[in-house]
Structures are given as structure tokens and as C-alpha cells.
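For reference, the structure discussed in these notes is given below.
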Amino acid sequence: MIVLVTNDDGIDAPGLEALASALSEDWDAYVVAPSGHCSGTGHALTLYRDLSVEKRGDRSWCVGGTPADCVKLAIGELLGVRPDVVVSGINPGPNMANNVHYSGTIAAASEAAFWNIPSIAVSSGSQTPRHLGCTGSYVRKLLLAGVHRLIPRSCVLSLNIPDLPLRELGQPVWTRTARFSADAPFIVLDPGRSYRYGRMPDPTLTDPSGTDVEALKAGLVSATLLGLDRSLPGFDLPPIG
């Protein structure tokens, strides 16, 4: 099996190394990742400048672009073969609730899912994880069990995994994405001219039951299936006249 490993934290991120190392034990693991940090870029593409590419090894490339750029280039140009599965991560810190819409980790996996390649986004429950190797081994166990063959087309499996030893990580539980009831505050640097995003304090949720946030707080592996088709049934439009 051919596995493409990518992330949004950059080619030198410890989480990427841990994930690629774990998955290369059983499969042909290729790495295509951004040259620098791309957290919060969502599904952005680099359209107004050239994309630089640097070969880092037989199966590793560094791209001067976004996570979505990396997956597009990997599939269309760099690998020479179509990956059987794409795994994005390991992100330091969870990608849950509202943040799934901003996450470059999830966007990289989503780009693969657009092209009907099974994809998994992997995030650690800790901003400063100590068990990245265990998280990588946990993902390996899921792939050995065939989880990638069960992911529906045009969907991403988003995993938020507690930062725990492997023996303490149990069966994933299905969750839904929570919704924060407040947004991140701004830090005012120069009123009317300069601002910076501040870190959200312990966020409150509109309804925590069955959510990714609730599961992770309970020390459980949260598994959320994210669909890419955002269209919904319409409604009776008012007459124009």
C-alpha cells in the first residue's frame, strides 16, 4: 500500500516524522509537506507565486506552499503513483469544533478526499505532546485493521487522540463537531490599526453532548466523519417581481 503523509506544521515537524516513521514500518510511505508553518491556512492555494519544491530524500519533498498545494502536487506531479491513502498530521493540539474549518491539517486530508482517496487527519490532544510515537503507532494499528477501506467517498476521518501511552488508547468513539459559543478574542496592539488573535480561554460549547471536545476531555479517541459536500436541500424562494 502507498501512503502519502503530509501536514500543516512543516516538513521538519516532529509530528510528521513520528507519523511517517510509524507508517513506513508496513507500507511505502511518501512525504510531501510545506516548507514552513501553515496552521490556520485552511484550504488555501498558492495562486500568485511559483511553488518551490525541494527533494529531501527518495520519498520526501518539501513544498513552498500550503497543505492543499502539497497534496495536489503529490498526486499530480511528484509521486508518480496514486496513493492508496493520505494521512495528515500529527498536529500538536486538537482540531475540533469550529476549528475544523480553519485547519490546514484537515484541509490537506480534504484535498485527497476530493479525488476519492481515503484520507485521515490526525491531531494530538496536547499542544505540547509527549507521546507522538504512540499516536503514530495508534494510527498504524487503525490502518492495519483496515479503517481506510471503510471511509465513505468524499469524506475525511478526523481523529483527535489523547496524548497518552499506546496501551491507554482504546477504541475510537464516534463524535460530532462541537460549536464554540464565543470566538477567539483580539489583542489590540494599536487601536484601529493593528490587532492580533489571542488564545481563546477554556471555551464553552453550545451543546457538548456527543462532541469531539467532550470525548477528548474524557480521555477518549474522538473520531469524526467530515463530509465535503456542503450542499443542502433548498427552500421555496420568494417570488421576485
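Assorted remarks:
- L226 touching a residue at least 24 places away in the same chain (Cβ under 8 Å), in a loop (DSSP other than H, G, I, E, B) and either under 19 Å from V122 (Cβ atoms) or in contact with a Leu (Cβ under 9 Å, 6 or more places away or on another chain) (or both): no
- Test: residue in the stretch 168-177 that is hydroxyl-bearing (S, T, Y), out of contact with any Ser or Thr (no Cβ under 8 Å at 6 or more places or on another chain), modelled with pLDDT under 95 and not in a strand (DSSP E or B): no
- Check on A178, of a type outside the set (S, T, N, Q) and free of Cβ contacts under 8 Å to residues at least 40 places away in the same chain: no
- Among residues of the stretch 95-108 that are in a helix (DSSP H, G or I) and among the basic types (K, R), none has a beta-carbon under 6 Å from a residue that is at pLDDT 95 or above and surrounded by fewer than 24 Cβ atoms within 10 Å (Cβ to Cβ) at least six positions away or on a different chain.
- Meets criteria (touching a residue at least 24 places away in the same chain (Cβ under 8 Å), among the β-branched types (V, I, T) and either assigned to a loop (DSSP other than H, G, I, E, B) or surrounded by 23 or more Cβ atoms within 10 Å (Cβ to Cβ) (or both)) for I120: yes
- Positions within the stretch 54-80 being in a loop (DSSP other than H, G, I, E, B), at pLDDT 95 or above and not hydroxyl-bearing (S, T, Y), in sequence order: R59, G64, G65, L79
- Filtered by the rule that a residue be among the hydrophobic types (A, V, I, L, M, F, W, C) and under 22 Å from A121 (Cα atoms), the stretch 179-217 gives F180, V213, A215, L216.
- Of everything in the stretch 53-94 that is without any contact (Cβ under 8 Å) to a residue 60 or more places away in the chain and polar (S, T, N, Q), the residue that is farthest from A121 (Cα to Cα) is S60.
- For the stretch 206-219, taking the residues that are at negative phi and more than 18 Å from the chain's Cα centre (by Cα), the one that is surrounded by the most Cβ atoms within 10 Å (Cβ to Cβ) is identified as E214.
- Hits in the stretch 23-41 (condition: at pLDDT 95 or above and either outside any helix (DSSP H, G or I) or over 17 Å from the mean Cα position of the chain (by Cα) (or both)): S24, E25, D26, W27, D28, A29, Y30, V31, V32, A33, P34, S35
- Condition met for R196 (in a loop (DSSP other than H, G, I, E, B) and either within 18 Å of the chain's Cα centre (by Cα) or not hydrophobic (A, V, I, L, M, F, W, C) (or both)): no
- Index of the failed condition, S39 passing every other in (1) loosely packed, with under 14 Cβ neighbours inside 10 Å; (2) closer than 18 Å to L159 by Cβ: (1)
- Note on the stretch 130-144: residues that are without any contact (Cβ under 8 Å) to a residue 40 or more places away in the chain and either of a type in the set (F, W, Y) or part of a helix (DSSP H, G or I) (or both) total 3.
- Close pairs (6 angstrom Cβ cut-off, 6 or more residues apart or separate chains): modelled with pLDDT under 85 in the stretch 190-209, polar (S, T, N, Q) anywhere: T204/S181; T206/S181
The values are calculated or read from the model by the stated rules, or taken from the named source; none is laboratory data. Everything numeric here is computed off the predicted structure, so don't read it as measured data. Note that we place each Cβ from the backbone using ideal geometry, even for glycine, and neighbour counts take in every protein chain shown.
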